[in-house]
Structure formats: C-alpha cells, structure tokens
1. Sort out which residues of the range A:81-103 are over 18 Å from the mean Cα position of the chain (by Cα) and part of a loop (DSSP other than H, G, I, E, B), and write them in order of number.
2. Return a yes/no flag: does the range B:293-315 have any residue that is crowded, with 19+ Cβ neighbours inside 10 Å, modelled with pLDDT under 90, within 14 Å of chain A (Cβ to nearest Cβ) and in a loop (DSSP other than H, G, I, E, B).
3. Checking residue B:250 against (1) more than 7 Å from chain A (Cβ to nearest Cβ); (2) at pLDDT below 90; (3) not in a loop (DSSP other than H, G, I, E, B): exactly one of these is not met. Which one?
4. Tell me which of these residue B:112 doesn't satisfy, since it passes every other one: (1) over 20 Å from the mean Cα position of the chain (by Cα); (2) on the phi < 0 side of the Ramachandran plot.
5. Would you confirm whether or not the range A:242-252 contains a residue that is under 30 Å from residue A:36 (Cβ atoms), at the interface with another protein chain (Cβ under 7 Å from one of its Cβ atoms) and over 21 Å from the mean Cα position of the chain (by Cα)?
6. Could you check how many residues of the range A:295-318 are outside any loop (DSSP other than H, G, I, E, B) and either touching a residue at least 40 places away in the same chain (Cβ under 8 Å) or over 16 Å from residue A:231 (Cα atoms) (or both)?
7. Keeping to the range A:104-123, report how many residues are part of a helix (DSSP H, G or I) and in contact with a helix residue (DSSP H, G or I) (Cβ under 8 Å, 6 or more places away or on another chain).
8. Among the residues of the range B:60-75, how many are surrounded by fewer than 18 Cβ atoms within 10 Å (Cβ to Cβ) and in contact (Cβ under 8 Å) with a residue 40 or more places away in the chain?
C-alpha cells in the first residue's frame, strides 16, 4: 500500500425520491482510497454500502435516484461531472465491479468466452484471438480448472463458487486500478468463501489493485482489509485502520456491532451482547445522530445535531458527540 | 455454548433417516428412476431441554432433515420417534395431534407469514386449528389473552396485534414466527435457519430470545444454521452434515476445541473470525472443489474427493458414524475401521 490517493470521495449524497418522501440512502460520505489498499465498508442492510459504491461509478438508476452532492475524484477527474462516454471508458476498465449474486451478473444466454472477450476487446488493443487467450489466462489465475475447455461453456454449467471466479477473472482482465467487490462471498458457503477471498487477496496483491470490499461480515473485513469504514443510516460513523478499529472501537455502534457477533474463538456460556431496537428508517431523517435511540451513551445533544467527524490521528476518525466538542 | 446439558430423557430419536426425492427418469423409454439423495441415513437423538445444532453447507440436507422429522416430507426410510412414539407410520389425523408437541420456525420471515393475516391472527392460528379439531380447549377470550402474553414475551407490543406482516421489520417478523411456534406450548421446536436472514445486531437479539425462552419454558431445539459461531453459541451438542450424512456429532465445546473429521476441521478453519490479529496468523485449510451433487449414490466416503487425508479405502467403503471418544462420534476411517 502506498500513500498515493487514487480515489477521493467527498461529501457524497445520494437521495432516492419515493412516494413516502426522500430516502437519504447516502448522506455525506467521505473517504480516501490509496493505491494498493484494501478498504472495507461494513454495515447492516440499508446502511448505504452498495449505494455508495454504485454512486462512485455513477450507476444509480435515475429516477428515482439522484446524486445530490459531493465529489468522486479518480486520478484527478471528478467522475460525477464527466460525460457518460468518458465514464464508460473507465467502468469495467479502470474501475471494475464484482457483485453478490454471480448468477444474475452473468448473461445466461452467452458463453463465458463471449462475455469475457467483449470486455477485453472493448478496453484493450487486442484482437479477438488474443483477447480469448488473455481470458483463458485470467480464468487460470482465478483457479478454474481446464480453462481452455470451460471458457466455451455457459454460466449454468458453473457452480456458484466457479461463477464468482469467472466474475473475478473478468473484473481483473483489464488490470483495473480499483476493484469494487460488493458482498462477493455472501451467497457462498464458508469453504467456498475462503477460496474466493484467497483469490481476491492473491490477485490484487500481485497487480497492486486497490480494493473496496463491501460486506456485512466483520470476520471477512478483519482478514482482508487495511482500513475499515463502518456505515450506519447512510453515513460513515467510524473509519480507521483494521487493527485499531477492532482493538479500540470508538463509536458506540462499532463497539456494539463487534460485541454482538458470536465468536468461535471465544466460546463461553456468556450471554451475547445485543444492540436494542431497530435500524432507523432513512426517510426524512432529522439532522440528529441516527444511532441515538439505540445508544446507551446518548446525550441530549445527540437528538439535535449530527456530530462532525473527529480525527483521532493515525487515520482513525469518528462521528460521535462523545469525542467531538460542541461548537 | 449454553450450560444446560439437557436431561436424560430422549425427546427425539431419529434412526437411519432417508429422504430421496424422485427427479424423473433417465432415457426416453422405461429408463431408470433417478433420485436426489438429499438425506441418506441420518441418526441422532435429542435429549429433553438441550439444543442440537445442525450445521453444514448449502445442499447438505439440513433443512430436509428438519422437514422429514416434522413429517412435512414423508421420509423414504428410517424412523422418527418423538417421546417414544413413531411418527413415520402415523396417519394424517394422528400426525396432527403428535405435531402439537413439535413446531417450526422458518428462515425467511417474509415468506413464512401470510401477508393477508394480522400478526394476532397468525399467532392464534395454531390454537384455532387445534381447537376446531377438538385437540385443545381455548375460548375466544383465552386465545386473545394468550396472543397478548406471547407477543409481550417475544418482545412485541400487544398493540401491534392488528398490524399486518409488511408493517414489521425482519427481526420483528421473526418474533411473530417464534410466538406462533410457542402458541401450543410444544416441547420441541425445529428452527430452520431462523437468524440467517437477519442483520448482526438483530441476530444477537433473536439468539438471546431463543436462549431465554429455552430457560423459561424448558424448550428443546433442533437448531439449523450455516454459521458455525451462531451454532456454537446456541447449541449444547452439534452435528455436522455433509452430502446427506452426519460427518461428526459431539458436545459443542468438544467439537470446536477438538474437531476430528477433516471436513469439520476445514469448515472451522474457513470460518472468518472478527479479529484481525487472529486472522493474520491463522493457517487455513482451503478445500479444493465444490460439494458434489447428491444426484447419485457414491461408494465410499462422501467427502473423499475433497479430503486431504484420504486413504485408499475411503473411495470404496463408507465409514459409519461411530464413537471415537466418549460422547464424540465421527464417520471417518482415521479414527476407526
């Protein structure tokens, strides 16, 4: 990992206009991604993890979605301001994505070769023959046995884990600067999950690709990421280096989240900690800390104003009134 | 791992349970009938008051086992005894009476509640059905009281009884499903992945609810999950399933501290632990390949093609589930012949 910042997201706001009101799915998210870094975004369903990452490559369905504000600076250009034509040259080439469900992200009517060659020919100066060779190489790297035969098969002939390998091979075939992996292993079994994470870790380390890993599993980020952002109700409530965040979490939500996961290595008859209440509805959320109704340390101030992010040094920052001075 | 070790009385006794689903014939004319061998010879006992965790990967037959126990599928073979009474041979009418003592909680809190019924009606439905058949006596007023009691007990306000499922969150819906399962005061509850669809913070709430209810009502659970840490937290004993059989079964603490079957070892080493220090230093056993399809009977150990400790006989002979240490059974030739 270098110090060079490759992607800078600043004050990103993505809103959805619905009949019930404005859903502020992402509301003021900022983070930096450095070259070669693996950044984890954790949070529960509806916290805005996926919307953040779809916003980065400007793929929010509009309407009802709208990027209401913020900047996404990728190697000096703001991706939210450039024309779609230029964006297309970046998507799948410089920034590529893998999704949760490997079945719906492959076209069931087309052979794997067709789908992979299409991507490679579009972005690289190769003819079809060379592109297919490249695709076979990538499949081999992603751990698909007999890739020269498998490449001419259809997606249904692959198992879930194998399909996810194809997605990884495809996503990395253009040597992207950034790989966005949105819950890449959530649909897979643990033994297959271990295989897939191993491949993502190995291949991106070889090529120096930066990774944004979105997941709800604290176990997965603990083993994969250099830095972690914790999201709650559309905001990043805490961000920090992995070791520090697990050892000394500052935000009451992060603390609660870590404590509420049952752990294999710490078996005891003790009762599991649980955060009370439900995650908030993000429709017409007032400008308070969204976590205060569930927080044990809530103060009067928490109900009135959202705390600004407080830098604790060493890349650790938290948005909580316990650490931020009221102005 | 809960402390309660359960009594000595066996509540559920499952022997050589088999569930084969027919999937049509091979070839055009009078071909051989093909089957999916979802569960192929499963033995276990659950003592009163304990929780047996059933863990394994997708398609290993966990849910099919629970459904075959509940007689939602009539098993192809084997025996299921609840409090000594055989269920597999019961006629439909007698089965209903027997099931009063055995209720289910399902994985998907969206699909398992009727969207056109209020939460109160959903919870009282078992009481209404059994009253109509004359198997229990509940007056209308009793029923209303019991619904309110149950709702408060599982952590829902009784003022929500006229609301419909779509007005509740996933965690709240799961609470409705649990209240419904408790309505007839069963001894055994079959929980089929009841926390898999829930977020971490809600999952912890529901797991604690299951434990509290067990303490309060002396319930016995068959608890299915694919998350090993969840299973360890909730279970007294754990059975690890692979491709339709039980590979290993033992006390929960024993299984996690000393897994014997190579598959259990791989499964435990693959499960991520939310601690970066441990994750960095751990040696993982990364299995090659996928779980094979259960569409044909294989000679030999079902795990042999992915096993890194396989021997010659693993390909031709099937290891039986036998005790390797007191209370710790394993189906593997490494431990017995």
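1. Matches in the range A:81-103: A:81, A:82, A:83, A:103.
2. yes
3. (2)
4. For residue B:112, the failing item is (1).
5. No, there is no match, as no residue in the range A:242-252 is under 30 Å from residue A:36 (Cβ atoms), at the interface with another protein chain (Cβ under 7 Å from one of its Cβ atoms) and over 21 Å from the mean Cα position of the chain (by Cα).
6. Summing the residues that are outside any loop (DSSP other than H, G, I, E, B) and either touching a residue at least 40 places away in the same chain (Cβ under 8 Å) or over 16 Å from residue A:231 (Cα atoms) (or both) in the range A:295-318 gives 7.
7. 9
8. 1
The values are calculated or read from the model by the stated rules, or taken from the named source; none is laboratory data. All values derive from a computational prediction rather than experimental measurement. Cβ coordinates were reconstructed from backbone atoms using ideal geometry, including for glycine residues, and neighbour counts include every protein chain displayed.
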